[in-house]
Amino acid sequence: MNKAVCLRFDMPRSDCCSDSRVRGSSRMPGQISPWLLLLFLVGTTHGCLQDPSSAYKYTGIVCRLTYPAAAVLNEKTTKVIEAAFQHARYPSMQGEKSAGLFGKVSYGLENLEIYNLSIGRSDFELRPGEGIGLEIRNVSAVFSGTIQYGYGSWLVNVGHKLDFEIETQIDLGINPKLYCGSSKVAADTSDCYLNFHKFRLYLEGDKEPNWLKKLFTDFITFTVKLVVKGQICKEINKLADILAEFIQDTAANFLSDGGISVDIGVTTTPVITADYIESYHKGLTTYLNLTSVINASVFHPDRLTENRMLYFWFSDDVFKPLIAAAHQDGRFQLNISSEDLKTLFETNLSSTKPEYVTQCLSESASAELRVWSSSVPALSSSAAGTSVRARATGELRCGSRNEPTLSFQANVTVDVTASYADKKLFLHGKPRQISVIRAELPQQNELINDEAQVEFLREAVEKIGIPKVLSVLEVEITRLMDKQGASLFDIIDPEVLHREGYVVTQMDFGFPHHLLVDFLKRTLQ
């Protein structure tokens, strides 16, 4: 069985439907069509707007993360905090203090490292209109390094270089504020503090220093605290920026493939309530240096609930140019070869199969049916599903002759609903209207006007063609999702809800551990 499906998400054109072109048109994929220009209208680019409500109409995608989801993510916060402590680079430092009888005490610390790190627990709260409150309690760590110190006066002049270690017990507080930075969600973690419940500096492991060492260590303890706090908070701020960018880059890659990309830059600052965090994204498709425009989105916060952990809201205005670009790129083509074709035509149809179809399937070892979208599919969502309207063209080829045995065009309208289970996408189609607008036998140069033959083609499109196309789309979209990493997520009881002008996916989830691992690998390189 040899079938080719031009949903070419990861293969060049030469590997898929290499003998196909966009029939009925002189344009090849990669050239701009008038249909595409209509969908990719030139418009004003909007940056981050101050008022979220004024940004709704420019928003194509919304992500709502509810409190239970934030709690799941908080469970992994300690891993990021551990990375911040371990990855922080503590600079060498020098200083001096006056010590009365001993004159001035000068010191220098270098090679400061951390080990024996452990973290107790992490608590958080969502603060409406402000940000997120994080408290990391019972952080225990030992710092080690080398210290040089000296003191001198007219009575004495002494210098030393010793190894040291610092035992600490710390509570860490961070109050991140989310904002719109360079069209991305960014986190300001400058409100960061460390409370030291224990901070003991020992020279050469001396747990009971003499009065002179104790005097000296008291001098520098305060300075070392400031350095540790500054470097830890600096590293946390850097990690927060890297993590935010990593997540958004991962999301952008998930929605992009080949020459088709989706801009998920934010339209306004995220909103934080006591129950959820909500971010607003453009969802603009770019193809052949053209970018779509969204300026009449129907989003409003009451479109989403707070019963599930994670929500994604998609405007139809995201899908329309995305589908138009896929059509223009020649991705909606399907070739069905002999054995598969014979199996499909075993479907029980009420209308009589024409003799030329029977003869082609029985006598030709190389029979092939080629089907493609010959117009840009139109899309609109409602409670019944997402209605897809397209013109499909098909050719039945028997043997090696250049001209097809049968050629036909049909206008098709199908209500499609989607579901996701066992890491697979499922598409369910309910044909609403099918009309055969042209059919001919090219080898005889003969139009088909016989009602019985036209009805056979209509029924074959409904009962064979649509289910076959949807089944192939299921496999190909699932493959694309897997390629982008969807199968690595622990998605629990996902639902896809179709509404007037938009689609909502809602789900619970387990934390995608691989994301944390990938992030920490990137950070610690």
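What tally of residues in segment 349-377 results from selecting those that are among the small types (G, A, S) and in contact (Cβ under 8 Å) with a residue 40 or more places away in the chain?
Matching residues across segment 349-377 total 5.
Please verify whether segment 32-39 includes one or more residues that are over 30 Å from I336 (Cβ atoms), modelled with pLDDT under 75, surrounded by 15 or more Cβ atoms within 10 Å (Cβ to Cβ) and not acidic (D, E).
no
With respect to I220, determine if the residue is open to solvent by 40 Å² or more (accessible area, probe 1.4 Å), of a type in the set (A, V, I, L, M) and modelled with pLDDT under 85.
no
Counting only residues that are polar (S, T, N, Q) and loosely packed, with under 13 Cβ neighbours inside 10 Å, which one in segment 93-134 is modelled with the highest pLDDT?
S118
Filter segment 228-256 down to residues that are closer than 30 Å to L109 by Cβ and β-branched (V, I, T) and give me whichever is most open to solvent (accessible area, probe 1.4 Å).
Ranking the candidates gives I242 first.
Among the residues of segment 101-116, are any in a helix (DSSP H, G or I) and not acidic (D, E)?
Among the residues of segment 101-116, at least one is in a helix (DSSP H, G or I) and not acidic (D, E), which makes the answer yes.
Any residue at all in segment 421-438 that is aromatic (F, W, Y) and closer than 30 Å to N402 by Cα?
No, the conditions are met nowhere in segment 421-438.
Residues Y179, Y193, Y202: which one is under 24 Å from Y107 (Cβ atoms), part of a strand (DSSP E or B) and modelled with pLDDT under 90?
Selected residue: Y202, the only one of Y179, Y193, Y202 that is under 24 Å from Y107 (Cβ atoms), part of a strand (DSSP E or B) and modelled with pLDDT under 90.
Which residues, counting only those in segment 219-271, are free of Cβ contacts under 8 Å to residues at least 24 places away in the same chain and among the β-branched types (V, I, T)?
T221
Could you list, in sequence order, all residues of segment 273-304 that are without any contact (Cβ under 8 Å) to a residue 40 or more places away in the chain and open to solvent by 50 Å² or more (accessible area, probe 1.4 Å)?
N289, D302
Out of (1) under 18 Å from the mean Cα position of the chain (by Cα); (2) modelled with pLDDT under 95, what's the single condition that is false for V503?
Among (1) under 18 Å from the mean Cα position of the chain (by Cα); (2) modelled with pLDDT under 95, the lone unmet condition for V503 is (2).
Condition check: open to solvent by 90 Å² or more (accessible area, probe 1.4 Å), under 28 Å from the mean Cα position of the chain (by Cα) and at pLDDT below 50. Does V5 satisfy that? Even if it seems obvious, please write down each step before you answer.
Values: open to solvent by 90 Å² or more (accessible area, probe 1.4 Å): no; under 28 Å from the mean Cα position of the chain (by Cα): yes; at pLDDT below 50: yes.
No: the conditions fail for V5.
I'm trying to understand the selection: among the residues of segment 339-367, which are open to solvent by 70 Å² or more (accessible area, probe 1.4 Å) and basic (K, R)?
Correct list: K353 only.
Do we find that P321 is touching a Leu at 6+ places or on another chain (Cβ under 8 Å) and either modelled with pLDDT under 95 or open to solvent by less than 20 Å² (accessible area, probe 1.4 Å) (or both) in this structure?
Yes; evaluated as a whole, the condition is true for this residue.
The values are calculated or read from the model by the stated rules, or taken from the named source; none is laboratory data. These figures come from a predicted structure and were not determined experimentally. Methodologically, a virtual Cβ is constructed for each residue, glycine included, from the backbone with ideal geometry; neighbour enumeration extends over all protein chains shown. Just so you know, the surface numbers come from the protein's heavy atoms only, side chains and all, with ligands and any DNA or RNA stripped out. Shrake-Rupley method; radii C 1.70, N 1.55, O 1.52, S 1.80 Å.
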